[in-house]
Amino acid sequence: MKKFLTIFFTWLSVYFLVTGALLSFRWSGTEIILPLQTLILTAILVPTIFFILGPLAERIAQHLSKKRHNK
């Protein structure tokens with residue numbers, strides 16, 4: 001169960017980060033070609049997910065899993 005929760009919270013955080021980044025590209029009003037958008041997006045998101053969101057999602061999943069088993 002913990003693994004599925006970790007995957008879910010990681011996916012959820014990635015979804016909101018990607019959506020927010022794409023909206024910021026749109027709102028900036030600059031026409032950035034897709035390969036450059038992808039480069040910028042991945043350069044920001046991959047380290048953020050690896051170092052911050054992944055461990056955070058795992059801790060949340062572990063906490064929820066422990067809470068569920070203690071009931």
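Using a Förster radius of 25 Å, what is the FRET efficiency between S65 and W11 based on their Cβ-Cβ separation? Nearest 0.05, please. Computed FRET efficiency for S65 and W11: 0.90. Secondary-structure-derived ellipticity at 222 nm for the chain, considering helices only, amounts to -28500 deg cm²/dmol, per-run term -39500 (n - 2.57) for DSSP H runs with n ≥ 4. Taking the 1.4 Å solvent-accessible surface of the chain as the whole, the part contributed by carbon and sulfur is 72%. The residues of the chain expose on average 81 square angstrom of accessible surface per residue, using a 1.4 Å probe on protein heavy atoms. For the chain, the relative contact order works out to 63 percent when only alpha carbon pairs closer than 8 Å and six or more residues apart are counted.
With the simple model of a label 7 Å out from the Cα in the direction of the Cβ, L22 to Q37 spans 0.8 nm. In a solvent-free Debye calculation with one equal scatterer on each Cα, what is log10 I(q)/I(0) for the chain at q = 0.20 Å⁻¹, listed in the order of the q values? Here the Debye-derived log intensity ratios amount to -0.81. The HN-Hα couplings worked out from phi for segment 27-34 by the Karplus form 6.51 cos²θ - 1.76 cosθ + 1.60 (θ = phi - 60°) are 6, 5, x, 8, 8, 9, 5, 4 Hz, whole numbers, x standing for Gly and Pro.
The values are calculated or read from the model by the stated rules, or taken from the named source; none is laboratory data. Just so you know, these numbers come straight off a predicted model, no measurement behind them. Every residue, glycine among them, receives a Cβ derived from its backbone with ideal geometry; neighbour counts consider all protein chains shown. The accessibility values were calculated without ligands, DNA or RNA, using every heavy atom of the protein model including side chains. Shrake-Rupley method; radii C 1.70, N 1.55, O 1.52, S 1.80 Å.
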